[in-house]
Each structure stands twice: as structure tokens, then as C-alpha cells.
Amino acid sequence: MGPVRGHKKKRKVEKKVEKDSLASGSSENGSADWWEMLSKRIAGNVSPSKGLDEFQSVFKMSRRTFDYICSLAEVHMQAKSAHYVFSSGKPMSLHEQVALAMRRLSSGNSLISVGDSFGAHHSTVSQVTWRFIEAIEEKGLHHIRWPSTEEAMTEIKSKFERIQGLPNCCGAIDATHITMMLSSSEQTADVWLDQNKNHSMVLQAVVDPDMRFRDVVTGLPGKLNENSVLQSSTLFKLCEKGERLNGNKMKLSEETELREYIVGDSGYALLPWLLTPYQGKELSESKAEFNKRHLATRIVAQRALARLKEVWKMIHGMMWRPDKHKLPRFILVCCILHNIVIDMDDDVLDELPLSSHHHDPGYGQEVCESVDKSASVLRDNLSLHLTGR
């Protein structure tokens, strides 16, 4: 499979189910017993987190959210062709398969380590995890979607404005590197070599005020800078054609209107629909104030990517010789799971403080000098508006 780029493949969007029915999970009998047995197996391999019980510490979500994920994966993972067993020969239930796959994604531990802690062969861990990836990609993709109604976008704009007063803002964009350990003998290894001399794959995301991913692009090599990744995306093409971020404008004054836009750091070009900060040290009062508000607004994207990597540790740190055709789908599913926890209003989120919003430690700030003239005027007008001038 090639790069996963936002909503390149059109899929039928499933209706959002009422939260009470989401919690019902699998119809599997004895679903309460599987955890009691499993928790004994993995005891000692998990450090309890403050404010969370053992289950929540392992999976970083409530049982209610876990059961909903099981309901999404059930049809695909319970297919007749799939028969997975523990090393003892005991068949794996749906809940145990999902637990095994999610532990692989969230712990970042090796197939052997996860298999040993669950009492399963490492090949079983690999097969179950991949089947889970396929299931969530198929049944959970509707959890990553661009706002489809004016009402939904208005709510997003309102929440962004409450952060630091930036009006008509529809999202924050950022990118992060998923680093890989590749064999030096691999012929295409240099393609993945980034500015830090690491082999990496890029994940670009547009985030809403609740740290929910609204558009994601992954699968592209780390040698590409932020602006190049953006330009290769469906998001860029849609915005340039006026098919996205084309909603209601707002009046800054009698003569000046402000269109819909997203905010990004200085690694991106300044565009009419993508506002970046002013560069330089000697800035006027209005420009300095704009940068301050801009940073406070776009930091939501940094926090979202930091949380993604902190919770789904498989994509954090150096991955050992991953399958680069499958890796984009692993990353996408981690993004889907990230959104599901938010969509379920999971209380566990309140107990998961971010240790840092730096999702790309060791990587310096990229700077793109490209400036659209009309966007420059728009940014100047907005900065003056924010300081009451």
C-alpha cells in the first residue's frame, strides 16, 4: 500500500452511534473474565499510572472505550478463517485478540516481549496485530473526518478563538517524524534519510481545538520538509482549488474580510488559507502580539502529536526495520484510536497529563521563506485587528 493521504480513498461514512450503544461492545459472553485472567499474566510488566486502575494503565482508555473498539473489530477479527491461540493451545477470544494488538501498539515493546507477557508466540502477536490494523482501518476511518457541516466548523472556530482570540481559525497543522532503523544494505535507505540523518517517515496532521485529528497524511519519506509534504497532500490541492476552507468569511472592518484558514509554524509557506508567524527579532508590537497568539493557538497540534506518540509508543522512538508498505497503515490506525478516545469523551484523558509537547525531540525548526503577497496583507490586517488598530 502506498502513502496514506487524508481521505484519498472515499469510504462510506458511518453514522455516529449514540454513546450508550457504543459502550455495549462485543456480545461475547464472559467478557468480564478475560481481563481477570490476562491481568495476572502481565502483572509486573505495567507500572500503574496515577489516578488510573490497572486496566486503564495498560490500555490508556476506559473499558467502555475498549469495548467499543472491540465492536468495531469484531466482524473482521472473528472471521472463520482466523483462529488464534495462546502458546498453551487455548483459543483467543475477541477481547484477548484486541488486547494483544493494542498492547503491541501502546507498549512499543518487541513482538517477542509482548508475546511472552501474554503467553503467545511472537508470530501470533504479529498476525493478530495486523488483522486488528485492517479491521480498525476499515471500520474506524470515519473517526478521522473533516467537519462536514457549517455548524460543526462554527463550533471549531469558536473554540479556537477562545484560546487566544484568533477569529475564523479552522485548524492547526504540524508534522512529526516516525524514525526507523533500516539496514545499511537496503537500496532505498537514502530516500528515507532526513535532516537529522535519521531514517524516518513523516506524519502530517491538521488538528481541531480538542486535539482531534481532522486530516492526516503519512507514508512520505523524512527527507521531505514540512512544506513539501503539505504540497503533496490532498488537503493542499483542495484548498488551492477553493474546495476546502471556503466557508463563511468574517469582517475585520468595513473594507477588510477574513477568510477561513489554518495556522502552522514557520516551516510552512504563508498562504491565504495557512497563516504562519512573522519571522525576525525586531517586530512591531502588533506583529509580536500576533506571534504570541498564533503560538498559543497552534500548540494544540504539537500537543496532539505528542500525546499520540506518548500513548501509542510503537511509533515513538526508533522502529526496528519496519515494513514501509505497512507502516503508514499502523500510523493511521494509531491516529484513529487517538480520535476514538476523544470521541468517546473518555475520562481517562483527564488522567493522562502530557510530559511535554515536544513530539520531535532533536529536530530543529524548519523555515520556509515562501510568502504569498495577498496572505501577507491578510496577516497584517489580522494582527492590527487583534491589537485594536
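The values are calculated or read from the model by the stated rules, or taken from the named source; none is laboratory data. Everything numeric here is computed off the predicted structure, so don't read it as measured data. Note that we place each Cβ from the backbone using ideal geometry, even for glycine, and neighbour counts take in every protein chain shown. What goes into the accessible areas is simple: the full protein's heavy atoms, side chains included, and nothing from ligands, DNA or RNA. Shrake-Rupley method; radii C 1.70, N 1.55, O 1.52, S 1.80 Å.
Summary table
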read-out	value
Among the residues listed as 211, 153, 181, the single one being in contact (Cβ under 8 Å) with a residue 60 or more places away in the chain, more than 20 Å from residue 323 (Cα to Cα) and out of contact with any helix residue (DSSP H, G or I) (no Cβ under 8 Å at 6 or more places or on another chain)	153
Restricting segment 100-114 to residues that are in a helix (DSSP H, G or I) and in contact (Cβ under 8 Å) with a residue 24 or more places away in the chain, the residue that is surrounded by the fewest Cβ atoms within 10 Å (Cβ to Cβ)	107
For residue 319: the one exception among (1) closer than 26 Å to residue 148 by Cβ; (2) modelled with pLDDT under 95; (3) among the hydrophobic types (A, V, I, L, M, F, W, C)	(1)
Residue match in segment 365-376 (condition: small (Gly, Ala, Ser), open to solvent by 40 Å² or more (accessible area, probe 1.4 Å) and either in contact (Cβ under 8 Å) with a residue 12 or more places away in the chain or closer than 30 Å to residue 143 by Cα (or both))	yes
Residue count for segment 168-194, restricted to those that are open to solvent by 50 Å² or more (accessible area, probe 1.4 Å) and under 21 Å from the mean Cα position of the chain (by Cα)	0
Test for residue 12: is it at pLDDT 75 or above and either charged (D, E, K, R) or open to solvent by 80 Å² or more (accessible area, probe 1.4 Å) (or both)	no
Residue in segment 286-293 that is among the polar types (S, T, N, Q) and part of a loop (DSSP other than H, G, I, E, B) present	no
Matching residues in segment 257-288 - criterion: being acidic (Asp, Glu) and open to solvent by less than 50 Å² (accessible area, probe 1.4 Å)	260, 265
Subset of segment 285-321 [in contact with a helix residue (DSSP H, G or I) (Cβ under 8 Å, 6 or more places away or on another chain) and under 13 Å from residue 178 (Cα atoms)]	308, 309, 312, 313, 314, 315, 316, 319
